[in-house]
Amino acid sequence: MSSQEEILSDGRFSRVARDPRFWEMPEKERKVKIDKRFRAMFHDKKFKLKYTVDKRGRPVNYTSTEDLKKFYALSESDSDLSGSDSTEQTEKKKKKKKAKPKGEADS
């Protein structure tokens, strides 16, 4: 820790502590938000790879689904919006279906 303090107290590197480019990314913004259409990738076997060794040949007990959970999160607001949109679309379709038989009877 003392080496970091020395670096930050050095005039040449003091700007690094104040520059937002070098700040750590907030926990909320780290994960990419995906909607409910892609939620199957968290539990589908097609997306799961079991690693037995890492890139240096050391044995590990690791799966790719852990990476998916680490980098992606289901978006709650988008799923709510898309759900309400889909209900509105189904209501419109029902209205159109009801309107068609009346139009066919007039012809």
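The values are calculated or read from the model by the stated rules, or taken from the named source; none is laboratory data. The shown structure was predicted, so the numbers you read here are calculated from the model rather than taken from an experiment. Please note: Cβ atoms are built from the backbone with ideal geometry, for glycine as well, and neighbour counts cover all protein chains shown. Surface accessibility is based on the protein's heavy atoms, side chains included, excluding ligands, DNA and RNA. Shrake-Rupley method; radii C 1.70, N 1.55, O 1.52, S 1.80 Å.
How large is the charge dipole for the stretch 1-78, taken about the Cα centre, if only the Cβ atoms of Lys, Arg (+1) and Asp, Glu (-1) carry charge, to the nearest 20 debye?
600 debye
Of the GluC sites (Glu not before Pro) in the stretch 1-31, which ones lie in a loop per DSSP and count no more than 11 other C-beta atoms within 10 Å? Please report the intermediate quantities before stating the final value.
Details: sites: Glu5, Glu6, Glu24, Glu27, Glu29; in loops: Glu24.
Passing sites in the stretch 1-31 are Glu24.
Taking 21 Å as the cut-off for C-alpha to C-alpha distance, list the pairs among Lys33/Lys69; Lys48/Lys70; Lys28/Lys55 that go past it.
Lys28/Lys55
Along the charge dipole of the stretch 1-78, Cβ charges K/R +1 and D/E -1, which of Leu68, Met25, Ser9 sits furthest on the positive end?
Of Leu68, Met25, Ser9, it is Leu68.
Return the inverse of the average 1/r over all pairs of distinct C-alpha atoms in the stretch 1-78, which is the Kirkwood hydrodynamic radius, in Å to one decimal.
Roughly 16.3 Å, rounded to one decimal.
Express the accessible area of the stretch 1-78 per residue in Å², computed with a 1.4 Å probe while the remaining protein chains stay in the model.
For the stretch 1-78, the solvent-accessible area averages 93 Å² per residue.
With every protein chain kept in the model, how would you rank Lys48, Lys28 by accessible area, 1.4 Å probe, largest at the top? Write out the running numbers ahead of the final one.
Numbers: Lys48 110, Lys28 170 Å².
Highest to lowest solvent-accessible surface, that is Lys28, Lys48.
Given an 8 Å cut-off on Cα distances and at least 6 residues of separation, report the relative contact order of the stretch 1-78 as a percent.
Computed over the stretch 1-78, the figure is 29 percent.
Can you give the accessible area of Phe38, probe radius 1.4 Å, in Å² rounded to 10?
Here the residue's solvent-accessible area equals roughly 100 Å².
How large, in percent, is the carbon and sulfur part of the accessible surface of the stretch 1-78 at a probe radius of 1.4 Å? Intermediate values should be presented prior to the final figure.
Working: 4070 of 7280 Å².
Result for the stretch 1-78: 56 percent of the exposed heavy-atom area is carbon or sulfur.
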